[in-house]
1. Scan region 166-189 and tell me whether some residue there is without any contact (Cβ under 8 Å) to a residue 60 or more places away in the chain, under 15 Å from the mean Cα position of the chain (by Cα) and more than 25 Å from Arg42 (Cα to Cα).
2. Here is a list: Arg149, Arg131, Arg143, Arg168. Which entry is over 16 Å from Leu209 (Cβ atoms) and of a type in the set (Lys, Arg)?
3. Does Thr212 satisfy being farther than 22 Å from Glu129 by Cα, at pLDDT 95 or above and of a type in the set (Val, Ile, Thr)?
4. Please specify each residue of region 99-136 satisfying the condition of being touching an Asp or Glu at 6+ places or on another chain (Cβ under 9 Å) and either among the hydrophobic types (A, V, I, L, M, F, W, C) or part of a strand (DSSP E or B) (or both).
5. Which residues, counting only those in region 49-91, are charged (D, E, K, R) and under 17 Å from Leu23 (Cα atoms)?
6. Is it the case that Ala74 is under 16 Å from the mean Cα position of the chain (by Cα) and in contact (Cβ under 8 Å) with a residue 24 or more places away in the chain?
7. Any residue in region 18-30 that's over 12 Å from Tyr153 (Cα atoms): show its pairings with residues that are of a type in the set (Phe, Trp, Tyr) at Cβ separation under 9 Å, as long as the two are six or more apart or on different chains.
8. Of Asp162, Asp219, Asp245, which residue is within 26 Å of Arg42 (Cα to Cα) and within 19 Å of the chain's Cα centre (by Cα)?
Amino acid sequence: MRLTVLGGCGAWPEAGQACSGYLVEHDGFRLLVDVGYAAFPRLLQHITVDQVDAVFISHGHPDHCADLNPLLRARTLRDDPPPPLPVYALPGALDAVLALDRPGMLDAAYVLHEFTAGSGLDIGPFRAETRLLPHWVPNAGVRLTADGRTLTYTGDTGPSPDVVELARGADLLLAEATHVDQVPDDSVGCLSSARQVGRQAAEAGVGQLILTHLWPGTDPSAARAAAADGYPGQIDVATADLSLDFS
């Protein structure tokens, strides 16, 4: 299993970076997990549009799904469009982004598979276990397993025992850590700090931790240090083109 980070900025992309977008590959299958602002041009630095085999969207905030629109445009507005792209999302999560173009324009570009958080999915070689995690809108964390290797991705979430259970024993936890230490009062329960994520990663016994969705302007070294206060393993920060092979 291989993870390539397309972007890991929270809210909006910093210069030269992108918002949440992650390419997960196994056995020749390419799964795009979230595709926020500016993630699409980053994707094109690695593969072509017709090489994407499926898309999984954690929730409907635009820093996680806005670039689904140019991806679908690039697949359908051509002389030789590829087959419809399977897109997995919670009910209603993609209504806004799919309504950006005139009715019917992108219909042939995708097949929408809406699922209930808590259900399991088979996406190519991946077994995907989902769980509803606390955020302002419904957010599906996902645990992807293939050939005995496991990656857990939180989407955006406040601290929760469900995060720990979803990540239990995973080889890699890709976790939202918008803030370093203190989550603002208006975001408590909906977003996490790097310090909280470190503690949850340790409790879950994960093999490696990647912090993502850092607020623009956050010092990555400060986020790593805060997470390391509770988690003794390897810690990275999601930046464009970070690539990890944990096969």
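1. Scanning region 166-189, I find at least one residue that is without any contact (Cβ under 8 Å) to a residue 60 or more places away in the chain, under 15 Å from the mean Cα position of the chain (by Cα) and more than 25 Å from Arg42 (Cα to Cα), so the answer is yes.
2. Result of the check over Arg149, Arg131, Arg143, Arg168: Arg131.
3. No; evaluated as a whole, the condition is false for this residue.
4. Gly120, Leu121, Ile123, Ala128, Arg131, Leu132, Leu133, Trp136
5. Asp50, Asp53, Asp63, Asp67
6. Considered against the rule, which asks whether it is under 16 Å from the mean Cα position of the chain (by Cα) and in contact (Cβ under 8 Å) with a residue 24 or more places away in the chain, Ala74 comes out as no.
7. Within 9 Å, the pairs are Ala18/Tyr37; Ala18/Phe40; Cys19/Trp12; Cys19/Tyr37; His26/Phe126; Phe29/Phe126.
8. Criteria check complete, one pass: Asp245.
The values are calculated or read from the model by the stated rules, or taken from the named source; none is laboratory data. For clarity, every value in this text was computed on a predicted model and none was experimentally measured. Note that each Cβ is placed from the backbone with ideal geometry, even for glycine, and that neighbours are counted across all protein chains shown.
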